[in-house]
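Participant: Attaching a single structure in structure tokens format; questions to follow.
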Amino acid sequence: MASMKEIKRRRGSIQSTRQITKAMQLVSTVKLQKTRTKAEEAKPYFSLMYDTMFSILSRSKNMSHRFVKASNGKEGKKAIIVISSNRGLAGGYNNNIARLVETSFSKEEALIYAIGKKAKDTLERRGYEILGEYNEVILDPMYQDAVDITKKLLSDYEEGKISEIYVVYTHFKNTVVHVPTLKKLLPISLDEAEKEEDKEKSTLLMNYAPNEEEVLEAIVPKYISAIIYGSLQQAIASENGARMNAMENATNNADELIDKLLLKYNRARQGAITQELTEIVAGANAI
């Protein structure tokens with residue numbers, strides 16, 4: 001049985017850890033309130049932009065454009081925008097993102113554009129090629145950050161470095177539920193677009209002015225920027241929610257351990273007192 005000194009030292013250590021996890025829980029709770037508000041404000045535009053793009057293309061027949069095909073003319077690498085966090089202590093948040101990438105894309109076909117270093121480090125260790133790092137973006141996402149990333153992606157797409165663009169992020173459903181999500185951004189398949197619309201709407205043709213080339217040149221960068229920005233807001237809200245839950249569980253576990261150690265300490269103390277009394281009585285009887 002452990003001595004009282006050992007039990008007391010361990011209890012003190014757990015109490016110190018509990019203070020840290022409790023403080024992190026409170027900080028994450030405050031941050032969650034702010035980031036959840038931003039995510040909810042961005043979500044309508046984020047969702048509508050995605051739906052609108054598919055709605056437009058579902059009504060466009062026989063369109064030929066580098067943004068609208070099964071591929072941009074050739075097979076090539078797939079660009080994966082991976083959104084994770086720069087810090088840990090968030091439960092399975094970062095591991096879930098890395099696992100989704102691993103199960104969806106092989107090392108040979110994927111090029112990683114990492115936003116947040118945790119998933120980036122994990123994927124890099126497992127042999128994935130990192131083509132871009134934007135770790136500072138996740139600290140305070142701005143729409144301009146999404147625009148800058150979009151410019152880089154479209155530049156690589158035009159140059160033929162990549163043939164497809166995907167984004168992997170964590171969708172914030174509520175405080176407890178955060179869903180790792182994969183979206184394909186480019187190229188947009190007309191077949192997939194038609195599935196998004198019901199048959200009645202898909203029979204209505206879309207007219208472009210001045211022409212489809214100029215319209216898509218203008219709208220596609222905004223569409224990608226909107227999806228990336230919305231994904232960033234969803235991800236950062238999910239990160240704070242996951243960290244809050246993880247720290248709450250850690251604090252509760254610490255409380256349980258402290259209670260068990262206190263009971264153990266009292267039993268050890270009671271045993272020591274009983275032993276001393278027994279020795280005193282035995283000594284008195286011997287005299």
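Participant: Which numbered condition in (1) part of a helix (DSSP H, G or I); (2) of a type in the set (A, V, I, L, M, F, W, C); (3) touching a Lys or Arg at 6+ places or on another chain (Cβ under 7 Å); (4) at pLDDT below 90 is the only one that Leu204 fails?
Facilitator: Condition not satisfied by Leu204: (1).
Participant: Which of the residues spanning the range 166-180 are touching a residue at least 40 places away in the same chain (Cβ under 8 Å) and either of a type in the set (D, E, K, R) or surrounded by 13 or more Cβ atoms within 10 Å (Cβ to Cβ) (or both)?
Facilitator: Tyr166, Val167, Val168, Tyr169, Thr170, His171, Phe172, Thr175, His178, Pro180
Participant: Where residues in the range 146-165 are surrounded by fewer than 19 Cβ atoms within 10 Å (Cβ to Cβ) and not in a helix (DSSP H, G or I), which of them is nearest to the chain's Cα centre (by Cα)?
Facilitator: Lys161
Participant: Could you pull out the residue among Tyr134, Tyr128 that is of a type in the set (Ser, Thr, Tyr) and farther than 18 Å from Ile236 by Cα?
Facilitator: The unique qualifying residue is Tyr128.
Participant: Read through the list (1) modelled with pLDDT of 75 or more; (2) surrounded by 11 or more Cβ atoms within 10 Å (Cβ to Cβ); (3) hydrophobic (A, V, I, L, M, F, W, C), then give the number of the only condition that Ala193 fails.
Facilitator: Unmet condition: (1).
Participant: Take the conditions in a helix (DSSP H, G or I), at pLDDT 85 or above and over 34 Å from the mean Cα position of the chain (by Cα) and apply them to Leu257. Does it pass?
Facilitator: Considered against the rule, which asks whether it is in a helix (DSSP H, G or I), at pLDDT 85 or above and over 34 Å from the mean Cα position of the chain (by Cα), Leu257 comes out as no.
Participant: Let me ask something else about it. Taking Ala119 as meeting all but one of (1) out of contact with any strand residue (DSSP E or B) (no Cβ under 8 Å at 6 or more places or on another chain); (2) part of a helix (DSSP H, G or I), write down the number of the exception.
Facilitator: (1)
Participant: Continuing with the same structure: Of the residues in the range 4-33, how many are closer than 11 Å to Lys264 by Cβ and among the polar types (S, T, N, Q)?
Facilitator: Matching residues across the range 4-33 total 0.
Participant: Please specify each residue of the range 249-269 satisfying the condition of being among the basic types (Lys, Arg) and under 30 Å from Gly92 (Cα atoms).
Facilitator: Scanning the range 249-269 gives a single hit, Lys260.
Participant: Within the range 219-241, identify whether any single residue is at pLDDT 90 or above, charged (D, E, K, R) and under 30 Å from Ala42 (Cβ atoms), and answer yes or no.
Facilitator: yes
Participant: Right, here's the next one. Does Tyr143 qualify as being in contact (Cβ under 8 Å) with a residue 24 or more places away in the chain, under 30 Å from Met244 (Cα atoms), among the aromatic types (Phe, Trp, Tyr) and surrounded by 20 or more Cβ atoms within 10 Å (Cβ to Cβ)?
Facilitator: The answer is no for Tyr143.
Participant: I'd like the full set of residues that are hydroxyl-bearing (Ser, Thr, Tyr) and under 16 Å from Ala246 (Cα atoms), limited to the range 85-106.
Facilitator: Hits for the range 85-106 are Ser85, Tyr93.
Participant: Also: Show the residue pairs that are 6+ apart or on different chains and have beta-carbon atoms under 9 Å apart, the first residue being within the range 250-268 and surrounded by 14 or more Cβ atoms within 10 Å (Cβ to Cβ), the second being outside any helix (DSSP H, G or I).
Facilitator: Listed by first residue and then by second, the contacts come to Ala250/Leu89; Lys264/Met1; Lys264/Ala2; Ala268/Met1; Ala268/Ala2; Ala268/Ser3.
The values are calculated or read from the model by the stated rules, or taken from the named source; none is laboratory data. Owing to the predicted nature of the structure, the values given are computational and were not obtained by experimental measurement. As a convention, Cβ positions derive from the backbone with ideal geometry for all residues, glycine included, and neighbour counts pool all protein chains shown.
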